[in-house]
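Worksheet: the structure to be examined is printed underneath.
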Amino acid sequence: AQRVTQPEKLLSVFKGAPVELKCNYSYSGSPELFWYVQYSRQRLQLLLRHISRESIKGFTADLNKGETSFHLKKPFAQEEDSAMYYCALGQAGANNLFFGTGTRLTVIP
Amino acid sequence: GAVVSQHPSRVICKSGTSVKIECRSLDFQATTMFWYRQFPKQSLMLMATSNEGSKATYEQGVEKDKFLINHASLTLSTLTVTSAHPEDSSFYICSARGPMLAKNIQYFGAGTRLSVL
């Protein structure tokens, strides 16, 4: 069965410090992984997806199939990064996404 | 681009009444839309997948007679909570995926907070 695990509900880091939001998944097929972000009082929006292999707002995430992980990283956290982050798993050939429980990141000034 | 509008943003109703929530893709055609439910401090739970011109596909445990979904056009899907009860109070979120957009990317509405008294 598909499963997305975000072990940390809350994560606080100081401004300028590195940040890593963990995501592990369980899926027998070929996964497509996403990070979605929800800033305060805003809707959920796509941050990045693994197949794009791009850096968005300084964030990167690498799919590690051996460890079944898709951790989100940023070398220097900014206050505006404070938000709720959701890792999501898409199945090949299917439409829907499975979401993790989310991690609330707080960047302390 | 890829804006999804959800209306209303908040609704308060009496127990036993029905509530309709609309989800519109404003600048693209959405063959597939999704309805999620989010409880406080919990993740999004997929309720159903709405496909234009066909019946919605409900997730296990979601009562299709309770949560009626209609996707009558390529830009509009509606979720009707029938005979709402206090336990239906929740945050409902829709998203849309269009045929011309990257596979599996979903664009989300702002959500509807339903409070049933």
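The values are calculated or read from the model by the stated rules, or taken from the named source; none is laboratory data. Keep in mind it's a predicted model, so treat the numbers as computed, not measured. So basically every Cβ, Gly included, is an ideal-geometry build from the backbone, and we count neighbours across all protein chains shown.
Those residues that are within 18 Å of B:Glu22 (Cβ to Cβ) and touching a Ser or Thr at 6+ places or on another chain (Cβ under 9 Å), I need them from the range B:39-65; list them, please.
Those that are within 18 Å of B:Glu22 (Cβ to Cβ) and touching a Ser or Thr at 6+ places or on another chain (Cβ under 9 Å): B:Ala48, B:Thr49, B:Ser50, B:Asn51, B:Glu52, B:Gly53, B:Ala56.
How many residues, within the range A:74-90, are farther than 20 Å from B:Cys94 by Cβ and touching a Phe, Trp or Tyr at 6+ places or on another chain (Cβ under 7 Å)?
Total satisfying the criteria: 4.
Would you list the strands (runs of 3 or more DSSP E) that sit entirely within the range B:1-55 and hold 3 or more residues that are under 26 Å from A:Val4 (Cα atoms) and either among the polar types (S, T, N, Q) or touching a His at 6+ places or on another chain (Cβ under 7 Å) (or both)?
Qualifying strands (runs of 3 or more DSSP E): B:32-38, B:44-51.
Filter the range B:4-17 down to residues that are more than 22 Å from B:Thr75 (Cβ to Cβ) and in contact with a strand residue (DSSP E or B) (Cβ under 6 Å, 6 or more places away or on another chain) and give me whichever is surrounded by the most Cβ atoms within 10 Å (Cβ to Cβ).
B:Cys13
Give the residue, chosen from B:Leu114, B:Leu46, B:Leu76, that is surrounded by 15 or more Cβ atoms within 10 Å (Cβ to Cβ), touching an Asp or Glu at 6+ places or on another chain (Cβ under 7 Å) and farther than 25 Å from A:Tyr85 by Cα.
Going through B:Leu114, B:Leu46, B:Leu76 in turn, the sole match is B:Leu76.
When the residues of the range B:56-73 are filtered to those that are in a loop (DSSP other than H, G, I, E, B) and not polar (S, T, N, Q), which remaining residue is nearest to the other protein chains (Cβ to nearest Cβ)?
Result: B:Glu59.
Does A:Phe70 qualify as being hydrophobic (A, V, I, L, M, F, W, C), at pLDDT 95 or above, over 24 Å from A:Gly16 (Cβ atoms) and in contact with a Phe, Trp or Tyr (Cβ under 9 Å, 6 or more places away or on another chain)?
For A:Phe70, the condition - hydrophobic (A, V, I, L, M, F, W, C), at pLDDT 95 or above, over 24 Å from A:Gly16 (Cβ atoms) and in contact with a Phe, Trp or Tyr (Cβ under 9 Å, 6 or more places away or on another chain) - is met.
Just to be sure I understand, how many residues within the range A:23-51 are farther than 27 Å from B:Val4 by Cβ and out of contact with any strand residue (DSSP E or B) (no Cβ under 7 Å at 6 or more places or on another chain)?
2
Looking at the range B:100-111, which of its residues are in contact with an Asp or Glu (Cβ under 7 Å, 6 or more places away or on another chain) and modelled with pLDDT of 80 or more?
none
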